[in-house]
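All of the numbers you see were taken from the coordinates with simple rules; none came from a lab. These numbers were taken from a predicted model, which means no experiment stands behind them. No Cβ is skipped: glycine too gets one built from the backbone with ideal geometry, and neighbour counts run over all protein chains shown.
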Amino acid sequence: MQHTVFYNEHLTHSAKMVEFCGWNMPINYGSQIKEHEAVRTDAGMFDVAHMVITDIRGSGSKDFLRYLLSNDVAKLEQQGLGKALYSGMLNELGCVIDDLIVYYTDFGYRIISNAGTAEKDQLWMKRQSEKFNVELILRDDLSILAVQGPKAITKLIAAKPELADKLSNLKPFSAIADAGIFYARTGYTGEDGLEIVLPNSQAVSFWRMLVAQGVIPCGLAARDTLRLEAGMNLYGHDMDESISPLECNMDWVVDLSDESRSFIGRDAYQKLKTSVALFKQVGLVLLGRGVLREGQKIIHDGAEIGVITSGTFSPSLKQSIAIARIKKDFLDEIKTVAVDIRGNLEPVKVVKLPFVRRGKRVYE
């Protein structure tokens, strides 16, 4: 099992360690609820050094990424250096190989992708790059630390006051580089904050600096409840290579505006858009008893119409919530369905995602 550069810091803070995608990672540091609440009300940080950083360089970089990704990186060039774009990477069937963020930098482009898909992503990108003049550089010399919460940027500025102007004015989905450290205003919690890419040699001292400012270390459990409240997908659960962007609320990152752009999966995706058998992603709020969990079936008038893909008890809402796929044809007709929880049909309300933004309930 692999360890990130922060492993000893996790042990110092009494983390409970678990296996995650081949990595030994903290699930919590004693209280998942306290860690969740710290991010919603103050500032917490996550070791995400298991995620994969790939730098793309060469004269064919833009053309390669316009072919590889569902979203169009040409927009980044128009917006300027430091801009970021969320995208899907699709297969020929128009389904999701992975979701990722791509950044436009002064050296080319940078992709940050998921740990659980690392090997297949690298093989896929390498294979697709062969017809382009590009170099793919796996940056295992770098680590990522996510600092999230309404006070995240304020506490980072307190530790590094020389960055006050740059970080205060940094817009969402933008990034800056300073002294070899890459600061991106992105995240996976529904809160404000930064994802920081830094050399392995500086990572532990940076972690300790944030701890000294009162930033709370948080584990995988809190990261999952936070992202689920924010309606954010988890690869391998809410989408995978058998699920199209239309079925997991990722259709907005498939850019068809340039009719001349040929990207992998485009033709199949356009055919899927006309399908009558499509599922659609929704949120569920439990009205009955129990806890909503992945794999539970959704029932309406005695028929199975969908399945839960992620479910949990929401610390912010104090009730159970889930992300689910439901047959599209039913969604205009029904607002309440049932979920099979251990043989009992419990009522749930169908809502539009997300459930929570900036610590506040947003669904109706």
**Item:** Histogram of C-alpha separations across segment 11-62, 5 Å bin width, %
**Value:** 4, 15, 19, 18, 14, 8, 7, 7, 6, 2
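P(r) tail for the chain, what percent of Cα pairs lie past 29 Å?
Numbers: 28387 of 66066 pairs.
Every Cα pair in the chain considered, those over 29 Å come to 43 percent.
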**Item:** Whole-Hz ³J(HN,Hα) from phi, Karplus 6.51 cos²θ - 1.76 cosθ + 1.60, for segment 87-104, glycine and proline x
**Value:** 8, x, 10, 9, 8, 5, 7, x, 10, 8, 6, 6, 10, 7, 10, 10, 10, 9
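Express the Stokes-Einstein translational diffusion coefficient of segment 276-361 in µm² s⁻¹, to the nearest whole number, given a Kirkwood radius over alpha-carbon pairs, 10 °C and a viscosity of 1.306 mPa s.
For these conditions, the coefficient is 124 µm²/s.
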**Fill in**
Quick shape check on segment 195-306: root eigenvalues a ≥ b ≥ c of the Cα gyration tensor, a/c under 1.5 is rounded, otherwise prolate if a/b tops b/c, else oblate, and it reads oblate
**Prompt:** If the chain between residue 318 and residue 166 were fully stretched, how many nm would it gain, using 0.36 nm times the residue separation less the Cα-Cα distance?
**Reply:** 51.0 nm
**Message:** Please list, in order, the residues from segment 339-353 whose amide nitrogen is less than 14 Å from a point placed 7 Å along the Cα→Cβ vector of residue 287.
**Reply:** 339, 345-351
**Asked** How big is D, in µm² s⁻¹, for segment 210-264 by Stokes-Einstein at 25 °C and 0.890 mPa s if Rh is the Kirkwood radius over C-alpha pairs?
**Response** 171
**Item:** Selected from 268, 230, 95, residue furthest toward positive end of dipole (the chain; charges at beta carbon)
**Value:** 230
**Message:** Within 10 Å of each candidate Cβ there may be at most 11 other Cβ atoms; applying that plus a DSSP loop requirement, which GluC sites (Glu not before Pro) in segment 30-100 survive?
**Reply:** 92
**Request:** Over 25 Å, how big is the tail of the calculated P(r) for segment 49-153, in percent of all Cα pairs?
**Result:** 18
**Request:** Scan around residue 314 for amide H atoms under 5 Å from its own, H built in the peptide plane at 1.01 Å from N, and keep only partners 5 or more places away or cross-chain.
**Result:** 319, 320, 321
**Prompt:** At a Förster radius of 45 Å, what calculated FRET efficiency corresponds to the Cβ-Cβ distance of residue 59 and residue 352, to the nearest 0.05?
**Reply:** 0.55
**Prompt:** If amide H atoms are built 1.01 Å from N in the plane of the peptide, which residues on other chains or at least 5 residues away come under 5 Å of the amide H of residue 362?
**Reply:** 356, 357
**Fill in**
Computed ³J(HN,Hα) along segment 293-304: with the Karplus parameters 6.51/-1.76/1.60, θ = phi - 60°, integer Hz and x for glycine or proline, the list is 9, 3, x, 5, 8, 9, 10, 9, 6, x, 10, 7
**Asked** Which residues' amide hydrogens lie under 5 Å from the amide hydrogen of residue 309, considering only partners 5 or more residues apart or on another chain, with H built in the peptide plane?
**Response** 295, 323, 324, 325
